[in-house]
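Just below is one structure, and these are the notes that go with it.
The values are calculated or read from the model by the stated rules, or taken from the named source; none is laboratory data. The shown structure was predicted, so the numbers you read here are calculated from the model rather than taken from an experiment. All Cβ positions, even for glycine, are placed from backbone atoms using ideal geometry, and neighbour counts span all protein chains on display. Note: accessible area is taken over every heavy atom of the protein model, side chains too, but ligands, DNA and RNA are not part of it. Shrake-Rupley method; radii C 1.70, N 1.55, O 1.52, S 1.80 Å.
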Amino acid sequence: MVSVAVDQMLIGKDDPKGFSFENCRRNAFMAKQGVTLPKARSTGTTIVGVIFNEGVVLGADTRATGGSIVCDLNCEKIHYIADNVFCCGAGTAADTEFTTRTVSSRMELLKLRTGREGRVISALRMLKQYLFRYQGHVSAALVLGGVDVGGPALYTVYPHGSTDKLPYVTMGSGSLAAMSVFEDGYKVGMNEEEAKKLVRDAIRAGIVNDLGSGSNVDITVIKRGSVQQFRPYEVICKKSERQGDYTFPVGTTVVTSSHEMVPFSALKVTDEEVMEIS
């Protein structure tokens, strides 16, 4: 009934000359009909990647959150896929961990069967097909990077299975702050130190401007034949030190009265109720 009414509402409309707000009108109409609209989900993470002249640099923060609670200050978000391929994960920690481990296992089997080094595009295809199968219910937003026979490659993989190939990428709740740093500082043909500094600044911007991101900056540098992991590369959120002495001598709190300890055997049960456990 709702879909028919929506179709009737949109029939006869001229093609818009500028921005189209038909989806906004549709959502408002469906909300009036009692349809619960989906809500945007915050991933609480900042993950980035950038290509430089010799390889790829991946970066991530280390804060894991559960709602408004910080669950882990030093969560590892850069996952191993193959010797030359690594992946940053944002979203549900269990989903990103299981997804990357599954693809890592398949990449190892592929390497044993073919006798060749795994390619980044192979890992990308496995990831996108796995996520597309679950239609976004596996909450794993990924940044995939590596170096193979085709040179350095960098991709983003969204939870529904769509992908992008770009020279620099960001994902997670702090991605907008990180992208502003990339758009300002990225240049073609950067060397390794410039790429590491740019990734560090991007993750730092995500940590400072996003409550879901925090703690440290982790960086992984992937080059042809070598991988360097810096964990942590830099500590951003340092625990503050106490400014004063909070130890108090015995007798600071005055005892105004004393109470005699009553043994448990002297107590009498006046009311008793048995609770059923099913």
Every residue in segment 162-172 that is of a type outside the set (A, V, I, L, M, F, W, C) and either modelled with pLDDT of 95 or more or open to solvent by 40 Å² or more (accessible area, probe 1.4 Å) (or both), please.
162, 163, 164, 165, 167, 168, 170
Do you know which of the residues in segment 28-41 that are under 31 Å from the mean Cα position of the chain (by Cα) and of a type in the set (D, E, K, R) is modelled with the lowest pLDDT?
41
When only residues in segment 222-249 that are closer than 29 Å to residue 54 by Cα and within 19 Å of the chain's Cα centre (by Cα) count, which is surrounded by the most Cβ atoms within 10 Å (Cβ to Cβ)?
236
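A quick yes/no check of all residues on (1) of a type in the set (Lys, Arg); (2) part of a strand (DSSP E or B); (3) over 17 Å from the mean Cα position of the chain (by Cα):
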position: 121; (1), (2), (3): no, no, yes
position: 127; (1), (2), (3): no, no, no
position: 138; (1), (2), (3): no, no, no
position: 141; (1), (2), (3): no, yes, no
position: 144; (1), (2), (3): no, yes, no
position: 152; (1), (2), (3): no, yes, yes
position: 160; (1), (2), (3): no, no, no
When you scan segment 10-27, do you find a residue that is surrounded by fewer than 18 Cβ atoms within 10 Å (Cβ to Cβ), assigned to a loop (DSSP other than H, G, I, E, B) and modelled with pLDDT of 85 or more, even just one?
no
Those residues of segment 173-213 which are of a type in the set (D, E, K, R), open to solvent by less than 50 Å² (accessible area, probe 1.4 Å) and over 19 Å from the mean Cα position of the chain (by Cα) amount to 192, 196
Can you tell me which condition residue 91 does not meet? The list is (1) farther than 23 Å from residue 182 by Cβ; (2) within 20 Å of the chain's Cα centre (by Cα); (3) modelled with pLDDT under 95, and all the others hold.
(1)
Those residues that are small (Gly, Ala, Ser) and open to solvent by 20 Å² or more (accessible area, probe 1.4 Å), I need them from segment 112-131; list them, please.
115, 122
Can you tell me which residue in segment 62-78 is modelled with the highest pLDDT, limited to those that are touching a Gly at 6+ places or on another chain (Cβ under 6 Å) and over 28 Å from residue 150 (Cβ atoms)?
63
Taking segment 132-146 and keeping residues open to solvent by less than 50 Å² (accessible area, probe 1.4 Å) and over 16 Å from residue 59 (Cα atoms) leaves 136, 138, 139, 140
Residue among 44, 59, 49, 55 that alone is in contact with a strand residue (DSSP E or B) (Cβ under 6 Å, 6 or more places away or on another chain), at pLDDT 95 or above, over 14 Å from residue 218 (Cβ atoms) and not polar (S, T, N, Q):
55
Need pairs with beta-carbon distance below 9 Å; first residue free of Cβ contacts under 8 Å to residues at least 40 places away in the same chain and of a type in the set (Ser, Thr, Tyr) and within segment 92-116, second surrounded by 13 or more Cβ atoms within 10 Å (Cβ to Cβ) and not in a helix (DSSP H, G or I); sequence gap 6+ or separate chains.
104/79; 104/80; 104/81; 104/82; 104/85; 104/87
May I ask you to list pairs of residues, at least six apart or on different chains, whose Cβ atoms are under 8 Å apart, with the first in segment 184-197 being more than 12 Å from residue 51 (Cα to Cα) and the second being open to solvent by 100 Å² or more (accessible area, probe 1.4 Å) and basic (Lys, Arg)?
none
Hey, residue 257 hits all of (1) of a type in the set (S, T, N, Q); (2) at pLDDT 75 or above; (3) more than 22 Å from residue 91 (Cα to Cα) but one; which does it fall short on?
(2)
At least 1 residues that are among the basic types (Lys, Arg) and out of contact with any helix residue (DSSP H, G or I) (no Cβ under 7 Å at 6 or more places or on another chain) in each: list the strands (runs of 3 or more DSSP E) lying fully within segment 168-278 that qualify.
216-223, 226-235
Can you pull out the residues in segment 36-89 that are open to solvent by 50 Å² or more (accessible area, probe 1.4 Å) and aliphatic (A, V, I, L, M)?
37, 40, 69, 70, 73
